[in-house]
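Down below is the structure, laid out as structure tokens.
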Amino acid sequence: MTDQTTDRGGAAQARTHPFVPYRPSRVEQTEAIARGRQFLELLETRRSVRSFAADPVPGELIELAVATANTAPSGAHHQPWKFVAISDPAIKHRIREAAEHEERINYDGGRLPDAWRSALAPLETNADKSYLDIVPWIVVVFAEKSTPLADGSLRKNYYVNESVGIACGLFITALHTMGLATLTHTPNPMAFLTDILGRPATERPYILFPIGYPTPDCEVPDLHRKPLTEALEHFPNR
């Protein structure tokens, strides 16, 4: 049987792709506000961390976070991402050495422009990435510019940066919800991740996530997030 849909004029049209009903339960307004506030309170405690404990993290938590990321919307539903999870100490050390090599050039070799160095100063970041040896997991996200198909051809992907960015946001949120900490580490350039992890030319490294629990003495910069009055504008003004 051919699926039918109705255009705005009421005429039935043949549908060439399968659709399924979507009937999410509508949350009562008071409950919706309560849920939203509770979720905001949880995420207000999220911080990027550079002091990680070596305590083990079950692999199932990583899988749950990636499964959550997989729910992200994407261009043409191509889901142009690949999450590569690393727990092997030798590979983590190779990643650390390569990341520190690039970061030394950035910080000490003058590759970072002065304006960027000035912007980073309050965070007190440097080329030391020793936490990459300590964390139980490193997850590297690769963006798939195209996807190999079974017949050997390549399928072009669309809105790749936007799609992968949304998926990474959900990944970070899932980690925090489960009590884990991470850092959006983007050593530049990142081609060494392609080499170390043996990824195909159709992918490019997007973000490196060290994942673990914060140390008991962990400290983070005393930062303040943009207030809602600066983040949101109503148009026209209310």
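A few points about this structure:
- Rough spin-label spacing in nm, given labels placed 7 Å along Cα→Cβ, for ILE91 and GLU63: 1.7 nm
- Tilt relative to the chain, helix 89-107 - C-alpha long axis, 0 to 90 degrees, to 10: 80 degrees
- Cα coordinate range in region 50-214, projected on the principal axes (Å, largest first): 46, 35, 30
- Of MET190, MET178, the sequence from fewest to most neighbouring Cβ atoms within 10 angstrom is MET178, MET190.
- Each label was represented as a point 7 Å from its Cα along the Cα-to-Cβ direction; for LYS145 and LEU228 these points are 4.3 nm apart.
- Percent RCO, i.e. relative contact order, over region 50-214, from Cα pairs under 8 Å lying at least 6 residues apart: 38 percent
- Region 173-202 versus region 93-126: alpha-carbon centroid distance in Å: 17 Å
- Our estimate of slack between SER25 and ASN237, defined as 0.36 nm per intervening residue step minus the Cα-Cα distance, is 73.2 nm.
- Counting 0.36 nm for each residue step from HIS77 to ALA54 and taking away their Cα separation leaves a gain of 4.6 nm.
- On the beta carbon distance between LEU120 and ARG155, with R0 = 30 Å, the FRET formula returns roughly 0.20.
- Local electrostatic count, ASN188, Cβ distance below 10 Å [Lys/Arg +1, Asp/Glu -1]: -1
- Against the main long axis of the alpha-carbon atoms of the chain, helix 29-44 sits at an angle near 20°.
- For the chain, the tally of Lys pairs with Cα-Cα distances below 27 Å comes to 7, considering only residues 8 or more apart or on different chains.
- Three-way shape label, region 70-142, alpha-carbon gyration tensor, a/c 1.5: oblate
- Exposure proxy ranking for LYS145, LYS82, based on other Cβ atoms within 10 angstrom of each Cβ and starting from the fewest, stands as LYS145, LYS82.
Throughout, read-outs are computed from the coordinates displayed, never taken from laboratory work. All values reported here derive from a predicted model rather than from experimental measurement. So basically every Cβ, Gly included, is an ideal-geometry build from the backbone, and we count neighbours across all protein chains shown.
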